[in-house]
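Trainee: Take a look at this one; I'll ask things after.
What follows is calculated from the coordinates using simple rules that are stated; it is not laboratory data. Worth saying up front: this structure is predicted, and the values here are computed from it rather than measured. Ideal geometry is used to build each Cβ from the backbone, glycine not excepted, and the neighbour counts take in all protein chains shown.
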Amino acid sequence: MTPQEWLDAYRKAWTERDAEAAAALFTEDATYAEQPYQDAFVGRKGVHDYWARVTAAQSDIEMNYGSPITVGNRTAVEWWTTLTNGGVPVTLTGAFILTFDESGLCRTLREYWQFVEGTKMPMKGWGD
């Protein structure tokens, strides 16, 4: 699996709120650092449990990526997501820093994100 294929599968898992599909994109010993000051979720089970919890109240999910930058087994990419969370429209923007194993599964994911209420569109030049 290439980094772009992985990103496409991740987007599909999120828009379909499919915790099993999301977890399958990670190695058995993966770390998923959703917040920089909290412990990472560990392994497929950790990813699955996190995803099942956070996506439960989400709907109307639309996700876009900027142009990924890949060097060796590492990829960095911006993302822009609009969704409804608990009935409230929100926009989340962020970046992933990913490392992959030789088969294309994610070994480490670090993300940095922010959100604002309402549906916001990317500014001109975003994602280039």
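Trainee: Considering only residues that are free of Cβ contacts under 8 Å to residues at least 40 places away in the same chain and more than 15 Å from the chain's Cα centre (by Cα), which ones fall in the range 109-128?
Mentor: V116, E117, G118, T119, K120, M121, M123, K124, G125
Trainee: Another question, then. When you scan the range 59-75, do you find a residue that is in contact (Cβ under 8 Å) with a residue 12 or more places away in the chain and of a type in the set (F, W, Y), even just one?
Mentor: Yes, the range 59-75 contains at least one residue that is in contact (Cβ under 8 Å) with a residue 12 or more places away in the chain and of a type in the set (F, W, Y).
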